[in-house]
Amino acid sequence: MFSPYRLAAVDLDGTLLGPDKSISAANAAAVRRLREAGVQVMLASGRRHENMLRYHRQLGLSGCMVSCNGALVQDAETNEVLHQRLLPAQSAARILEDGHARGMTQNYYHTDGAVYVREKTPWTSVYEGRTGGGVSLAGDLQRFGGQAALKILWIAEPEEITRLQEEMRARYPDLYLTITDPEYLEFMAAGVSKATGLAVVAERIGVSQQETLAFGDGDNDLPMLRWAGCGIAMTDAKPHVRAAADRSAPPGDPETSFARAVAALSDGTQRLSSRTDSPRIGPL
């Protein structure tokens, strides 16, 4: 049914989750359909590991999750860390200083699993509302300046984030920066990506690159959509994300885009759109 695929990496926000940040019945059924066909499903998100656990458990999944955009790959049951690539302490300290000088709301993703902030702001309330997870007050974030971090997140108006992305990429050419939500600019170590996380899990369970699927919608999904044997973009993904993927989900309600993609991949009841340039694999 899903041959030759044996492992599927699934993004959360904008892919598996609807606007209310819940998993629709159709998307949950699509996950079950993959699993019943022998495809191992894992979550791959920019969220922290601890925040992802409730979705992992709700779906009855087992094994690893890729969190913080690939900075961490950890087994959800045993807590074994398969991969971790941290933002160097010196870089983290500079980013915190830069953010403070600009009056940015900054989220510091600590290796202890918590997200620390200087103080509560309207932007931290936006973040908590979107993730359903809380932040921890730390006062001056500079106290973490001598420590490596999983990532640092700046939050501001979309126009400012777009401008800052180019400025900060020039300032930190050796780091990985990406915009996730329009208001979020994320700083991570070089080499961090969901593709790296997917590759780690694939190697661990003996699955080849050609046997992997990836489902996503955002810029932070681009590396794994390109790396996977078949990368599938969601219906409302940006044009450049759809262009980078092998296939795009059939049109319809964005909340169930993932379910339509799985159905089309499985039995051809709906057509998966090809990307505009030559796909890396044959027709589905």
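Among beta bridges from DSSP that stay inside the stretch 89-188, the antiparallel ones total about 90%.
3J(HN,Hα) couplings calculated from phi for the stretch 11-20 with the Karplus curve 6.51 cos²θ - 1.76 cosθ + 1.60 (θ = phi - 60°) are, in sequence order, 5, 8, 5, x, 10, 7, 9, x, x, 8 Hz; Gly and Pro show x.
Ordering HIS100, HIS56 from the fewest to the most neighbouring beta carbons within 10 Å gives HIS100, HIS56. What FRET efficiency comes out for VAL200 versus SER3 if R0 is 22 angstrom and r is the Cβ-Cβ distance? Round to the nearest 0.05. FRET efficiency, VAL200 to SER3: 0.40. In the chain, the DSSP beta bridges split such that about 60 percent are antiparallel, to the nearest 5.
Rg of the Cα atoms in the stretch 89-188, relative to 2.2 N^0.38 Å, amounts to 0.98.
Ordered by the number of other Cβ atoms lying within 10 Å of each residue's own Cβ, fewest first, THR256, THR111 fall into the sequence THR111, THR256. If you take all other residues with their beta carbon under 13 Å from the beta carbon of ASP140, and give Lys and Arg +1 and Asp and Glu -1, the sum is 0. Over the residues of the chain, the helix contribution to mean residue ellipticity at 222 nm works out to -10000 deg cm²/dmol, using -39500 (n - 2.57) for each DSSP H run of at least 4. On full extension, the segment bounded by HIS110 and GLU167 gains 18.0 nm, given 0.36 nm per residue less the C-alpha separation.
Let me confirm the definition first: pairs of Lys residues in the chain, 8 or more apart or on different chains, C-alpha distance under 21 Å. How many are there? Taking the Cα cut-off of 21 Å, the pair count is 5. Extension gain, SER208 to LEU82: 0.36 nm times the residue separation minus the Cα-Cα distance gives 43.6 nm. Subtracting the Cα-Cα distance of GLU119 and ALA29 from their residue separation scaled by 0.36 nm leaves 28.4 nm.
Within the chain, the longest run free of GluC sites (Glu not before Pro) that sit in a DSSP loop with at most 13 other Cβ atoms within 10 Å is 120-284.
Read-outs: derived from the displayed coordinates by stated rules, not from any lab. If you're wondering where the values come from, they're calculated on a predicted model, not measured in any experiment. We place every Cβ from the backbone using ideal geometry, glycine too, and count neighbours over all the protein chains shown.
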